[in-house]
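Only one structure is covered here, and it is reproduced in the block below.
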Amino acid sequence: MKFKLLFILFSILLLFFLASFILIPFYVFGSSFSISFWRMNWPLLLVWALIFTFFNAFYLTNRHLFLLLEKEDWPALVSYLEGRVINKGKYSPRLVRLLANSYLVLSDSSAVISLENKLSAVKPALIDANPLVFGTARILGKDISGAVRFFDARKDTAKKSLKDWVQWYYGFTLLLDRQFEKAAGIFSLLARLSRDGIITALSSYFLIENMTFVMPENESEYRKISSEGKKRVIKALPTAESYRKEASRLSTEIHIAAISSYIEEACLWLYSSSDHT
């Protein structure tokens, strides 16, 4: 749905509730009661007015940004965001994340690294707040050793909602860097303990499809852990449809888009017709 239409509909909704708040006491209880009611509840009217004003101001201030997002005009969006973030120094979390993601949509991983270098001088906390975006840029830019170092430095400090994904990406970059034993250790841990079905599935899949071949001496152990992880995923996501629905919920995230083929391969492995064990 268009941002402009959403803005209009939400504004109408706010005005409707505001009008109801003002008029219903008058029509139901009469003018004397309504005046007393409004005097007692004027802070609510003020809060409502402030919400309406803030919402309209936010949209009008960012209407050009919303227009570019609607058109999916990524080069123009990057140019606009660079003007606000880099040239004007408005390093807000929202704009920085959007700019980094826009670079990646254009496959310009070097621009993401350049942005990271600027942030390290002015707002390093924004790098730590978006480890999956900046780490993925290194992988897409084929700086695998740099990606290993990046995720290694953040695997224990990432916020809770991102921690398992940072851990998984650390394992993935270790695999790409041919540090197989360390990668297997990360995948084994996540296959056993992660509460995220997609992460558990990917970890279990990589154990059975990769680690058993590059480290055949541990094949029995990896098969066991992979099987246990597979059972946990199927218990939480019993069908391929439920698995893909869970994956699609995350599909707008750039770190998910970058590994979408692996997510689908894991799905085919999980729900193969042979068995679920």
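Here are a few things to note about the model shown:
- Considering (1) within 23 Å of Pro93 (Cα to Cα); (2) in the same structural domain as Ile263 (by TED's automatic domain parsing); (3) among the charged types (D, E, K, R), the lone condition that Asp128 does not fulfil carries the number (2).
- Single unsatisfied condition, Leu207 versus (1) surrounded by fewer than 14 Cβ atoms within 10 Å (Cβ to Cβ); (2) free of Cβ contacts under 8 Å to residues at least 24 places away in the same chain; (3) of a type outside the set (Val, Ile, Thr): (1)
- Note on the stretch 97-142: enclosed helices (runs of 4 or more DSSP H) holding 3 or more residues that are touching a residue at least 40 places away in the same chain (Cβ under 8 Å) and either closer than 18 Å to Leu77 by Cα or touching a helix residue (DSSP H, G or I) at 6+ places or on another chain (Cβ under 6 Å) (or both) are 131-140.
- If the condition is being under 16 Å from Asp196 (Cα atoms) and among the aliphatic types (A, V, I, L, M), then the stretch 159-175 contributes Leu162, Val166.
- The residue that is nearest to Arg138 (Cα to Cα), among those in the stretch 259-277 that are within 21 Å of the chain's Cα centre (by Cα) and crowded, with 19+ Cβ neighbours inside 10 Å, is Ile263.
- Some residue of the stretch 69-76 being modelled with pLDDT under 90 and in contact with a Lys or Arg (Cβ under 7 Å, 6 or more places away or on another chain): yes
- Residue in the stretch 217-236 that is more than 21 Å from Arg192 (Cβ to Cβ) and not aromatic (Phe, Trp, Tyr) present: no
- Those helices (runs of 4 or more DSSP H) lying entirely in the stretch 160-277 with at least 1 residues of a type in the set (Lys, Arg) and modelled with pLDDT of 95 or more: 160-176, 180-193, 219-236, 240-249
- Contacts under 7 angstrom Cβ, first residue in the stretch 14-28 being under 14 Å from Arg39 (Cβ atoms), partner part of a helix (DSSP H, G or I) and at pLDDT below 70, 6 or more apart: Pro25/Phe33; Pro25/Ser34; Pro25/Phe37; Phe26/Ser34
- Consider the stretch 170-189 and keep the residues that are within 15 Å of Tyr205 (Cβ to Cβ) and among the aromatic types (Phe, Trp, Tyr). The one that is nearest to the chain's Cα centre (by Cα) is Phe172.
- Counting the residues of the stretch 182-196 that are farther than 19 Å from Ile144 by Cβ and surrounded by fewer than 20 Cβ atoms within 10 Å (Cβ to Cβ) gives 5.
- Restricting attention to the stretch 171-181, the residues being surrounded by fewer than 23 Cβ atoms within 10 Å (Cβ to Cβ) and either farther than 13 Å from Tyr222 by Cα or touching a residue at least 40 places away in the same chain (Cβ under 8 Å) (or both) number 5.
The values are calculated or read from the model by the stated rules, or taken from the named source; none is laboratory data. Bear in mind the structure is a predicted one, so any value in this text is a computation, not a measurement. When we count neighbours, we look across all protein chains shown, and the Cβ atoms used for this are built from the backbone with ideal geometry, even at glycine.
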